[in-house]
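One structure is given here, and the rest of the page talks about it.
The values are calculated or read from the model by the stated rules, or taken from the named source; none is laboratory data. The structure displayed is predicted, hence computed values, not measured ones. Please note: Cβ atoms are built from the backbone with ideal geometry, for glycine as well, and neighbour counts cover all protein chains shown.
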Ligand code: ATP
Ligand code: MG
């Protein structure tokens with residue numbers, strides 16, 4: 001059965017240790033959001049924490065022990081118990097150094113944002129809000145704890161964390177905190193790609209990714225973490241567009257329909273779908289800007305970019321495919337044209353259609369009617385395909401043996417193949433046994449008696 005949070009609190013209390021609930025769980029609870037993370041801070045050192053939770057018979061992990069963290073399984077979820085932090089992070093290094101602090105106050109001072117710097121005593125439930133976090137939750141802003149630029153210099157990942165929280169929570173960034181970001185974004189290249197990509201991914205999957213992307217631009221972080229996108233800013237388009245390439249891309253991210261299963265793929269595809277435009281922009285004969293074959297150039301740029309970001313092979317492949325095909329415009333009335341459209345993005349025609357619809361959201365013309373017809377045509381083609389897979393000869397081998405009173409042999413396959421082909425072509429209804437028998441008799445030169 002395992003241990004409960006109450007067991008844990010009581011055990012720490014009994015041994016004279018402090019135990020504070022900290023971090024995202026309190027923030028999310030105050031926002032009324034479900035949160036699985038129940039992270040704790042304590043004055044006990046990691047060795048003492050490990051001994052204590054093992055003594056309770058809990059399932060334990062020590063992978064984070066050298067960073068001061070013991071993981072413990074509580075009511076089906078992993079919780080982390082971390083010894084108070086007291087150090088400053090060594091600026092610009094890949095992983096923060098760790099030293100331990102003496103008090104919960106010192107620990108909270110090391111946390112990144114006011115809305116992440118609450119603590120609640122696990123035993124007495126005393127609540128600490130030393131930096132005005134509740135006020136900032138009410139104002140819906142991300143504000144650094146302490147001097148913003150100094151805190152971002154200690155650990156530049158906090159810049160991206162702040163912007164990611166703005167997207168996830170649909171918050172703004174408080175002006176002094178934004179200014180601190182602007183002063184320190186040049187430190188971002190010192191971070192490991194893995195940590196950067198993790199934050200970008202969470203930003204794009206957040207509740208308001210358009211807001212996150214705009215803050216990424218305003219802070220200046222965009223040019224350091226996604227330079228390919230920075231060149232879309234101010235890239236003017238033509239009379240088909242209301243916005244520059246950047247504004248249009250952000251609008252596409254905002255507009256694209258998603259589910260929890262598709263959010264990652266579709267939002268990355270949306271933000272990158274026109275990444276080829278700045279590179280191919282040219283003046284057309286009529287004097288307007290043209291972007292001929294930007295989808296091909298974009299697919300190549302995105303492939304290199306996603307490789308650098310190490311987003312994951314399958315996901316990257318699908319994103320690149322969607323970018324390459326986003327200008328395809330099959331004729332909904334033409335079955336072959338529709339089938340070719342679907343065959344070019346195996347398993348992803350719904351994602352491509354969602355991208356095309358979202359792409360149209362900030363065009364100066366409305367293509368909804370066309371997309372509705374295309375969707376209907378794809379659904380029809382998909383249904384036909386599934387039916388074709390089910391297309392079977394209405395007569396089984398046993399039926400044929402009985403009808404012709406003849407030994408089983410290769411002749412059965414010949415007739416069954418022919419009957420299935422007729423069903424597939426729509427020339428014989430599935431399950432039409434009488435019709436099938438007539439055809440089989442003709443093939444065997446044995447008319448019905
Ligand atoms: P979520 O888990 O939903 O992404 P979280 O707030 O729990 O959000 P974690 O990365 O799990 O974020 O970190 C837990 C807590 O640790 C944060 O709430 C914050 O107080 C602190 N923290 C995490 N990373 C940093 C950092 N780089 N600098 C300062 N404090 C941090
Ligand atoms: Mg967390």
Q. Does residue 81 satisfy the condition of being surrounded by 14 or more Cβ atoms within 10 Å (Cβ to Cβ), away from ligand 1 (no atom under 15 Å from the Cβ), within 29 Å of the chain's Cα centre (by Cα) and closer than 30 Å to residue 134 by Cα?
A. no
Filtering region 1-22 down to residues that are under 38 Å from the mean Cα position of the chain (by Cα) and part of a helix (DSSP H, G or I) yields 5, 6, 7, 8, 9
Going through region 141-155 in order, the residues found to be buried (at least 18 other Cβ atoms within 10 Å of the Cβ) and either part of a helix (DSSP H, G or I) or near ligand 1 (Cβ under 10 Å from one of its atoms) (or both) are 144, 145, 148, 151, 152, 153, 154, 155
Restricting region 34-62 to residues that are in a loop (DSSP other than H, G, I, E, B) and away from ligand 1 (no atom under 15 Å from the Cβ), the one surrounded by the fewest Cβ atoms within 10 Å (Cβ to Cβ) turns out to be 57
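Mind checking which residues of region 35-57 are within 15 Å of ligand 2 (Cβ to nearest atom) and touching a helix residue (DSSP H, G or I) at 6+ places or on another chain (Cβ under 7 Å)?
First, the residues of region 35-57 that are within 15 Å of ligand 2 (Cβ to nearest atom): 35-41.
Answer for region 35-57, where residues must be within 15 Å of ligand 2 (Cβ to nearest atom) and touching a helix residue (DSSP H, G or I) at 6+ places or on another chain (Cβ under 7 Å): 35, 37, 38, 39, 41.
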Taking region 156-179 and keeping residues outside any helix (DSSP H, G or I) and within 10 Å of ligand 1 (Cβ to nearest atom) leaves 156
When region 227-252 is checked residue by residue, the ones that are without any contact (Cβ under 8 Å) to a residue 60 or more places away in the chain and within 18 Å of residue 269 (Cβ to Cβ) are 229, 232, 245, 246, 249, 250
Over region 63-76, the set of residues closer than 21 Å to residue 121 by Cα, outside any loop (DSSP other than H, G, I, E, B) and within 12 Å of ligand 1 (Cβ to nearest atom) is 69
(Q) Quick check on region 18-29. Is at least one of its residues more than 16 Å from ligand 1 (Cβ to nearest atom) and either surrounded by 18 or more Cβ atoms within 10 Å (Cβ to Cβ) or at pLDDT below 95 (or both)? (A) yes
Selection from region 23-33 of residues within 16 Å of ligand 2 (Cβ to nearest atom) and part of a loop (DSSP other than H, G, I, E, B) yields 23, 33
Counted residues in region 99-122 being buried (at least 16 other Cβ atoms within 10 Å of the Cβ) and within 17 Å of residue 42 (Cα to Cα) come to 15
